[in-house]
Ligand SMILES: Cc1cc2nc3c(=O)[nH]c(=O)nc-3n(C[C@H](O)[C@H](O)[C@H](O)COP(=O)(O)O)c2cc1C
């Protein structure tokens, strides 16, 4: 297995991660929906944009990535997006990412389908661990989760709004990766060829979703808790829920998955503090535009009233500067940090974070922007018609 410390970029970590887990797990992480055009669209949105360097600026004496978000100063302008089921890709992976984020002073968003509990996160990373809520069909469960997060003083609640129904993930269907599992012989044989992953799996089996355990029938094992979750998710959340959550949760409230100007305005009117503009990493609607493409209009409409963040397709430090220059205050990454933790556990997560930090430093110096929070639209290339992306 190639060494993590030889990786020079995030894609190198992906390549190692791919070898480490069975195909059905890799496909679950990597996959999109339908024809997977959205995956391409997300990354292309960044590739189509260019940064115009400003030279003759002192970038030698200081480079400052520090960014303030919801009253706290983080070491950079990006954090770790919520991803569910990490314990099945790398045993203990949620907390590995959480500790790596805390130690690097960036936020970590625990998924509403995490394996570790919000209690463990809050004890480990009280200032860095945010919670992402998947609203259960039984609203008393969602409300209880919000109360738990509140009692734990979790600083930010992120409510994901873009999973009203299950999506057509054809890789999973082909691999028989669903509830119940219907694994073909080839899929099973492939899993047998992944000794690191297999060892974990043989020792502990399917990972428990600890946040949900208390709502499932008493004595439920991990699989039964999963069955219970499947009775609660996915489902639609409505504006009535948002209104209710706003009343229950007094600290910063963020909606993740808003892609429309009218929805953004309505959220701002309801007192929502921030948005993560996102198409869920192209895992829900293959025809959704990229978050980067819709961000400028949302920024123009509500940028002065809400904190705007973005995720989807960010793979390079330069992508983070492009997002900031396009109106984002903060950026999140989903798959790339997963590659790190799957490839190399906590050191792999640390490595992924370090790669991004170094890449951002390089680009800041190269474009003449020594203070990251000064990265604005003047660094984007605009053509004569005022467009900043190649069609
Ligand atoms: C394996 C995986 C699991 C995910 N699980 C969740 C989740 O539980 N909750 C959620 O809001 N988003 C989830 N997402 C979406 C991410 O939070 C994020 O929006 C997306 O990964 C960003 O795109 P990127 O992977 O290109 O960075 C998941 C994404 C992946 C790849």
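The values are calculated or read from the model by the stated rules, or taken from the named source; none is laboratory data. Nothing here was measured: the structure is a model prediction, and the numbers come from that model. So basically every Cβ, Gly included, is an ideal-geometry build from the backbone, and we count neighbours across all protein chains shown.
Observations on the model:
- Residue match in region 78-94 (condition: touching a strand residue (DSSP E or B) at 6+ places or on another chain (Cβ under 9 Å) and more than 16 Å from the ligand (Cβ to nearest atom)): no
- Flag for residue 343 being farther than 15 Å from residue 106 by Cβ, assigned to a helix (DSSP H, G or I) and under 18 Å from the mean Cα position of the chain (by Cα): yes
- So residue 282, is it under 17 Å from the mean Cα position of the chain (by Cα), under 17 Å from residue 67 (Cα atoms), within 14 Å of the ligand (Cβ to nearest atom) and touching a residue at least 12 places away in the same chain (Cβ under 8 Å): no
- Residue list for region 233-251, filter: in a loop (DSSP other than H, G, I, E, B) and in contact with a helix residue (DSSP H, G or I) (Cβ under 8 Å, 6 or more places away or on another chain): 249, 250, 251
- Count of residues meeting criterion [in contact with a helix residue (DSSP H, G or I) (Cβ under 8 Å, 6 or more places away or on another chain) and part of a loop (DSSP other than H, G, I, E, B)] in region 346-373: 2
- Near pairs, Cβ below 6 angstrom, 6+ apart or cross-chain, from region 223-242 (within 25 Å of residue 201 (Cα to Cα)) to any residue that is in a helix (DSSP H, G or I): 225/212; 225/213; 229/212
- Only one of the numbered conditions (1) over 25 Å from residue 33 (Cβ atoms); (2) out of contact with any helix residue (DSSP H, G or I) (no Cβ under 9 Å at 6 or more places or on another chain); (3) outside any helix (DSSP H, G or I) is violated by residue 254, and that is (1).
- Within region 140-167, the set of residues being over 20 Å from the mean Cα position of the chain (by Cα) and not in a helix (DSSP H, G or I) comprises 152, 153.
- Failed condition for residue 236, given (1) out of contact with any strand residue (DSSP E or B) (no Cβ under 8 Å at 6 or more places or on another chain); (2) modelled with pLDDT of 95 or more: (2)
- Checked against the criterion of being in a helix (DSSP H, G or I) and touching a helix residue (DSSP H, G or I) at 6+ places or on another chain (Cβ under 7 Å), region 376-383 has at least one qualifying residue.
- Checked against (1) farther than 24 Å from residue 273 by Cβ; (2) more than 13 Å from the ligand (Cβ to nearest atom), residue 293 passes all but a single condition, namely (1).
- Residue match in region 307-316 (condition: under 15 Å from residue 42 (Cβ atoms) and surrounded by fewer than 24 Cβ atoms within 10 Å (Cβ to Cβ)): yes
- Failed criterion for residue 337 (all others in (1) in contact with a strand residue (DSSP E or B) (Cβ under 8 Å, 6 or more places away or on another chain); (2) within 14 Å of the ligand (Cβ to nearest atom); (3) over 30 Å from residue 62 (Cβ atoms); (4) assigned to a helix (DSSP H, G or I) hold): (3)
- Members of region 274-313 found to be more than 22 Å from residue 112 (Cα to Cα), in contact with a helix residue (DSSP H, G or I) (Cβ under 8 Å, 6 or more places away or on another chain) and not in a helix (DSSP H, G or I), listed by number: 286, 287, 288, 289, 290, 305, 306
- Boolean, residue 347 is away from the ligand (no atom under 11 Å from the Cβ), over 18 Å from residue 86 (Cα atoms) and surrounded by fewer than 24 Cβ atoms within 10 Å (Cβ to Cβ): no
- Test: residue in region 105-117 that is more than 12 Å from the chain's Cα centre (by Cα) and away from the ligand (no atom under 15 Å from the Cβ): yes
- Cβ-Cβ under 7 Å pairs, at least 6 apart or on other chains, region 250-261 side on the phi > 0 side of the Ramachandran plot, far side in a loop (DSSP other than H, G, I, E, B): 257/161; 257/162; 257/278
- Among the residues here, residue 213 qualifies as assigned to a helix (DSSP H, G or I) and either within 14 Å of the ligand (Cβ to nearest atom) or farther than 30 Å from residue 364 by Cα (or both).
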